[in-house]
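Enquirer: Have a look at the structure that comes next, please.
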Amino acid sequence: MPTSQLEAARDLFNQLDANARSTPPAEPIARASIELLIDAGLLGLMVPRAVGGNELALPDIVDVYEEVSRADGSTGWCYFAADCTAAYFGAYLDDAGAGTVFADGVPLMAGQFAPNGTATSFGDELVINGDYQFGSGIAHASWVGAGVLTNADQGSDSEYLFVCFPAAEADLHGNWDVLGLQATASYDYSLRDVHVPRNYAFNFFQPTIYRGGPLYALGVLPLTAAGHAGWALGVTRRVLDEVAAVASSVTRLGAASSLSTNERFLYEFGVLEGRFRAGRAWVREACVAAEDEAAREGAISALTASLLREACRKVNQDGADIARQAYLLAGTRALRDGPIQKGFRDLHAGSQHFFASPASAIEFATNVLTKVQPG
């Protein structure tokens with residue numbers, strides 16, 4: 001049964017689509033689209049209730065990410081990234097840190113968690129320096145995150161932390177000239193001697209869960225994978241819907257009838273639909289299994305975590321391939337500016353992300369083989 005949040009996201013489709021169509025190339029997504037999502041109560045789906053979020057079940061969260069991304073890939077990308085990032089800081093910061101970051105409700109957040117910076121202790125603060133990429137949605141964010149490695153004191157190990165700070169502290173480079181996901185404005189950004197209270201940071205791989213339910217035992221990587229999966233499913237769904245919509249009005253040169261009655265088209269389109277639906281079912285299965293295991297065991301196994309990440313990789317890479325095949329099926333309708341071409345570009349951009357990389361398949365296979373005992 002659809003959640004009220006999913007129904008709200010569906011109601012926003014036409015407005016989000018129209019805003020995206022009117023956004024000039026290389027400009028950030030319209031602020032009006034962000035406000036629509038906020039006003040509809042859709043910011044904070046993954047965020048703990050204790051800091052103002054919804055804390056929905058993971059499959060329900062993915063459904064909403066999918067629906068927003070169906071309306072526009074760039075909006076959906078910035079939306080899930082902001083929501084996931086806020087979820088991590090909402091669950092893993094101590095009470096003092098969360099009390100400040102979430103003082104005015106769930107903030108718009110952005111940032112890269114790859115450890116491309118350093119943190120030096122200075123009393124109760126960390127001094128951050130680093131150079132980061134892919135700050136999706138940072139043009140509209142009020143808080144920004146960054147992965148850092150601490151400069152280890154003598155006799156101690158370096159820590160991998162995810163820290164956050166007001167967006168004004170980041171120096172944005174404005175360099176985002178790309179094939180797809182153009183309106184994400186995923187600028188590079190730099191930090192120079194930025195002072196951050198220590199309680200604005202958490203240990204990336206071993207965070208303490210200060211608030212929220214079993215969902216947060218999944219950790220940053222599996223939860224991020226779920227976000228990317230929802231995004232890929234939404235954009236792929238839009239491409240297939242657009243091809244279906246033009247099938248009855250497209251007749252190939254020399255053909256006796258439209259694509260909608262052509263057996264070759266029907267076969268190939270059916271295969272693409274089947275691939276999409278199979279991937280979507282796997283994502284939902286993996287989300288349910290992970291959350292159930294976290295509720296039962298208090299944590300998830302390496303195999304369960306890698307299964308969710310592999311389901312994410314699968315629908316991202318399959319989405320790009322489905323878009324390629326759909327582009328060819330639609331003929332010159334896809335060549336011209338429009339949702340099919342845009343989805344093609346966005347899915348190929350998304351397929352280059354770490355969460356769509358072969359590393360997930362390798363890790364998953366390794367965990368499967370470790371689990372299987374000979375004999």
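The values are calculated or read from the model by the stated rules, or taken from the named source; none is laboratory data. This is a predicted model, so every value here is computed, not measured. For neighbour counting, all protein chains shown are included, and Cβ atoms are generated from backbone atoms with ideal geometry for every residue, glycine included. Calculation scope for accessible area: heavy atoms of the full protein, side chains included, ligands and nucleic acids excluded. Shrake-Rupley method; radii C 1.70, N 1.55, O 1.52, S 1.80 Å.
Enquirer: Using only DSSP helix segments of four residues or longer, with each worth -39500 (n - 2.57), what per-residue ellipticity at 222 nm results for the chain after dividing by its residue count and rounding to 500?
Expert: -16500 deg cm²/dmol
Enquirer: Right, here's the next one. By how many nm would the segment from ASN151 to PHE13 lengthen if fully extended, with 0.36 nm per residue of separation less the alpha-carbon distance? If you can, show how the numbers build up before the last one.
Expert: Numbers: separation 138, 0.36 × 138 = 49.68 nm, distance 4.68 nm.
That pair, ASN151 and PHE13, stretches by 45.0 nm at full extension.
Enquirer: Please list 231-241, 202-212 highest first by mean number of surrounding beta-carbon atoms within 10 Å per residue.
Expert: 231-241, 202-212
Enquirer: May I ask for the percentage of alpha-carbon pairs in the chain that lie more than 34 Å from each other?
Expert: Value for the chain: 27 percent of Cα pairs lie more than 34 Å apart.
Enquirer: Note the full-extension length gain between LEU335 and ILE362 as 0.36 nm times their separation in residues minus their Cα-Cα distance, in nm to one decimal.
Expert: 6.2 nm
Enquirer: Report the one residue of ALA96, LEU272, TYR189 whose Cα lies farthest in the direction of the positive end of the charge dipole of the chain (charges on C-beta: Lys and Arg +1, Asp and Glu -1; origin at the Cα centre).
Expert: The listed residue farthest towards the positive side: LEU272.
Enquirer: So, one more: Report, for the chain, the % of DSSP beta bridges that are antiparallel, rounded to 5.
Expert: Of all bridge pairs located within the chain, approximately 80 percent are antiparallel.
Enquirer: With a/c under 1.5 counting as rounded, go ahead and sort the stretch 45-117 into rounded, prolate or oblate using the C-alpha gyration tensor (a ≥ b ≥ c being the square roots of the eigenvalues; past the cut-off, prolate if a/b is larger than b/c, else oblate).
Expert: oblate
Enquirer: Starting with the highest mean, order 70-81, 174-185 by the number of other Cβ atoms within 10 Å, averaged over the residues of each peptide.
Expert: In descending order of packing, they fall as 70-81, 174-185.
Enquirer: What FRET efficiency comes out for the pair GLU268/ARG21, r = Cβ-Cβ distance, R0 = 25 Å, nearest 0.05?
Expert: 0.35
Enquirer: Here is a follow-up. Full extension from GLN352 to SER142: what is 0.36 nm times the residue separation minus their Cα-Cα distance, to one decimal in nm?
Expert: 72.9 nm
Enquirer: Of the residues SER306, SER156, SER69, which exhibits the maximal mean-square fluctuation in a Gaussian network model of the chain defined by a 10 Å Cα contact cut-off?
Expert: Looking only at SER306, SER156, SER69, the largest GNM fluctuation is found for SER156.
Enquirer: Another question about this same structure. Could you give the distance between the Cα centres of the stretch 8-37 and the stretch 309-375, to the whole Å?
Expert: 25
Enquirer: With only alpha-carbon atoms in the gyration tensor, what are the semi-axes of the equivalent ellipsoid for the stretch 128-224, in Å, largest first? Provide the component values of the computation, followed by the final result.
Expert: Details: eigenvalues 128, 72, 31 Å².
Square roots of five times the eigenvalues give 25, 19, 12 Å.
Enquirer: Separate question: Could you tell me what percent of the accessible area of the stretch 15-76 is made up of carbon and sulfur, with a 1.4 Å probe and every protein chain present?
Expert: Roughly 49 percent of what the probe reaches on the stretch 15-76 is carbon or sulfur.
Enquirer: Another one. Roughly speaking, to the nearest percent, how much of the stretch 143-267's 1.4 Å accessible area is carbon and sulfur?
Expert: C and S fraction of accessible area: 49 percent.
Enquirer: At ASP321 and ASN116, where each label point lies 7 Å from the Cα along Cα→Cβ, what is the point-to-point distance in nanometres?
Expert: Inter-label distance under the simple model: 3.0 nm.
Enquirer: Right, next: Please work out the C-alpha center-to-center distance from the stretch 153-187 to the stretch 221-288 and express it in whole Å.
Expert: About 34 Å separates the Cα centre of the stretch 153-187 from the one of the stretch 221-288.
Enquirer: Which residue, ALA226, ALA119, ALA245, has the most motion in a Gaussian network model of the chain that connects Cα atoms within less than 10 Å?
Expert: It is ALA245.
Enquirer: Also, I was wondering about something else. Solvent-accessible area per residue for the chain at a 1.4 Å probe radius, Å²?
Expert: For the chain, the per-residue accessible area is 43 Å².
Enquirer: How many nm is it between the label spots at ALA103 and ASN129, if each spot is 7 Å from the Cα in line with the beta carbon?
Expert: Taking the simple label geometry, ALA103 and ASN129 are separated by 2.9 nm.
Enquirer: With each pseudo-label sitting 7 Å past Cα toward Cβ, what's the ASP292-SER158 distance in nm, one decimal?
Expert: 4.1
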